[in-house]
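Participant: Input: one structure, supplied below.
Each reported figure results from applying straightforward, stated rules to the coordinates on display, with no laboratory input. Computed from a predicted model, the values in this text were never measured in an experiment. As a convention, Cβ positions derive from the backbone with ideal geometry for all residues, glycine included, and neighbour counts pool all protein chains shown.
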Amino acid sequence: MKSAPKRRTRPDMVPRGGKGAGGTERGMAMLSSSMRSVEGAVSEIEAAAEYLADLLRTAHGGAWNISINHDTCFVVVSRDFN
């Protein structure tokens with residue numbers, strides 16, 4: 001059985017400095033930046049759902065519910081008939 005080919009690391013993804021030379025700080029900065037971009041994406045998803053609900057209120061009237069589940073990757077904007 002053949003082994004999987006060795007993956008190359010992109011030059012821009014190689015940690016600089018290694019242990020004791022700022023490598024840990026760089027890694028933490030990259031993680032923090034990644035978390036901020038995720039938070040930004042989540043905020044944009046919520047804003048987009050709110051925008052869609054506003055458009056639906058304008059077009060059809062009534063109250064609208066928004067449900068966002070990131071675990072199942074599902075977004076619902078539905079009319080509240082109660």
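Participant: Within the set of other residues whose C-beta is less than 15 Å from the C-beta of Val76, count the net charge using Lys and Arg as +1 and Asp and Glu as -1.
Facilitator: Taking every Cβ under 15 Å from that of Val76, the sum is -3.
Participant: Would you kindly derive the ³J(HN,Hα) couplings of segment 30-46 from the backbone phi angles with the Karplus curve 6.51 cos²θ - 1.76 cosθ + 1.60 (θ = phi - 60°), listing them in order in whole Hz, with x for Gly and Pro?
Facilitator: Coupling constants for segment 30-46: 5, 5, 4, 5, 5, 5, 5, 5, 5, 4, x, 5, 4, 4, 5, 4, 4 Hz.
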